[in-house]
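Visitor: I have a structure here, written as structure tokens, and I will follow up with some questions on it.
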Number of protein chains: 2
Amino acid sequence: MSQADEFFNLDDQDQGLFRQLAPGLTTRIFAGDQAMLSVVSFEPNAEGTLHQHPEEQWGVMLEGDGVRTQGDEEIAVKAGDFWRTPGGVPHTLKAGAKGARVLDVFSPPRAEYRKAGSGFGEGQ
Amino acid sequence: MSQADEFFNLDDQDQGLFRQLAPGLTTRIFAGDQAMLSVVSFEPNAEGTLHQHPEEQWGVMLEGDGVRTQGDEEIAVKAGDFWRTPGGVPHTLKAGAKGARVLDVFSPPRAEYRKAGSGFGEGQ
């Protein structure tokens, strides 16, 4: 395999495995061996559902703003902010009025996100 | 520990573990349990040195442009592009005339980057 096959773009809607997470909330997923990237698009005011999984997660807000819930804390986030969500901590995000784009990283990769489907997975 | 302690910003120069990688090339490192983020700043035309390590790496070009070398291939990259570098593949990046900012993800975390120092580490 050519190394060129490992190169992608955040805006290319034809790349990655598409997944509808919730109303107005979609992602494209790119799986590696040790980590998985998820390029998440939030329509204005879209929100996920509180969930958790054993994999560590990092999120980077690329555009827009919103409120991140982790555990029992709510933290306002804007473009340029990033955060770590330790495995097993319940979390979700609600976008603000402009919507948002978030790059999520899962490590190790979430097995449920390697295949087509919808929602946030079963977690545990 | 409060979840608020897990929140950071790409522009906050006081956060992360500073590391000088090469002339005109610095980073701030944030280590988790399963993954490590590195917020890398390239001055115009700055470049790293070809190196490799067993950990998987992902890179996201946040600003600027440059040329990514992976294996024996050279691939032009610009803001919005991202790529996976499998473990053991030699790689480096040279920024263009505007400089660049790149978010790197290592999984698992690179042990050498958990401590203060300079350069790209010993790799293997």
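The values are calculated or read from the model by the stated rules, or taken from the named source; none is laboratory data. Worth saying up front: this structure is predicted, and the values here are computed from it rather than measured. Reconstructed Cβ throughout: ideal geometry from the backbone, glycine too, with neighbour counts over all protein chains shown. Keep in mind that these areas ignore ligands, DNA and RNA; they rest on the heavy atoms of the full protein, side chains included. Shrake-Rupley method; radii C 1.70, N 1.55, O 1.52, S 1.80 Å.
Visitor: Remind me, relative contact order of chain B in percent, using alpha carbon pairs under 8 angstrom and six or more residues apart?
Guide: Relative contact order here is 31 percent.
Visitor: If you count, for every residue in A:103-111, the Cβ atoms of partner chains within 10 Å of its Cβ, what is the mean?
Guide: 4
Visitor: Could you work out what % of the accessible surface of the range B:68-116 is carbon and sulfur, using a 1.4 angstrom probe and leaving DNA, RNA and ligands out of the count?
Guide: C and S atoms contribute 57 percent here.
Visitor: Checking an interface number: how much accessible area is buried between A and B, summed over both chains, with a 1.4 Å probe, in Å² rounded to 100?
Guide: That pair hides around 3400 Å² of surface in total.
Visitor: Further question: Which FRET efficiency, nearest 0.05, do A:ASP11 and B:ALA4 yield, Cβ-Cβ r, R0 35 Å?
Guide: For A:ASP11 and B:ALA4, the calculated efficiency is 0.65.
Visitor: Based solely on C-alpha atoms, express the radius of gyration and the Dmax of the range A:39-124 in angstrom.
Guide: 12.2, 32
Visitor: What net charge do the residues around A:LEU17 carry, taking every other residue with its C-beta under 10 Å from that of A:LEU17, with Lys and Arg at +1 and Asp and Glu at -1?
Guide: +4
Visitor: Sorted from shortest, what are the nm distances separating the label point of A:ASP72 from equivalent points in the other copies, each placed 7 Å from Cα along Cα to C-beta?
Guide: 6.1
Visitor: Here's something else I'd like to know. Residue by residue through B:66-72, how many Cβ atoms from other chains fall within 10 Å of the Cβ on average?
Guide: The mean count of partner-chain Cβ atoms within 10 Å per residue comes to 2.
Visitor: Give me a single rounded figure for A:25-37: the average over its residues of other chain Cβ atoms within 10 Å of their Cβ.
Guide: 4
Visitor: Now, a different point. With all pairs of different alpha carbon atoms counted, what Kirkwood hydrodynamic radius in Å does the protein assembly as shown show?
Guide: When all Cα pairs of the protein assembly as shown are included, the Kirkwood radius is 18.2 Å.
Visitor: Distances from A:LYS115 to the same position in the other copies: list them in nm, one decimal, shortest first, using label points 7 Å from Cα along Cα→Cβ.
Guide: 4.4
Visitor: In whole angstrom, and with the biggest value first, how far do the Cα coordinates of the range A:17-81 range along each principal axis?
Guide: Over the range A:17-81, Cα extents along the principal axes are 32, 23, 23 Å.
Visitor: Per residue, how large is the accessible surface of chain A? Use a 1.4 angstrom probe and give square angstrom.
Guide: 43
Visitor: Taking the mean number of other Cβ atoms within 10 Å as a proxy for protection, how do you rank B:32-41, A:59-68, A:43-52 from highest to lowest?
Guide: Packing order, densest peptide first, comes out as B:32-41, A:59-68, A:43-52.
Visitor: Further, regarding this structure: With labels modelled as points extended 7 Å from the Cα through the Cβ direction, what inter-label distance (nm, one decimal) is found for B:GLU63 paired with B:GLU112?
Guide: Using points 7 Å along Cα→Cβ, the separation is 2.8 nm.
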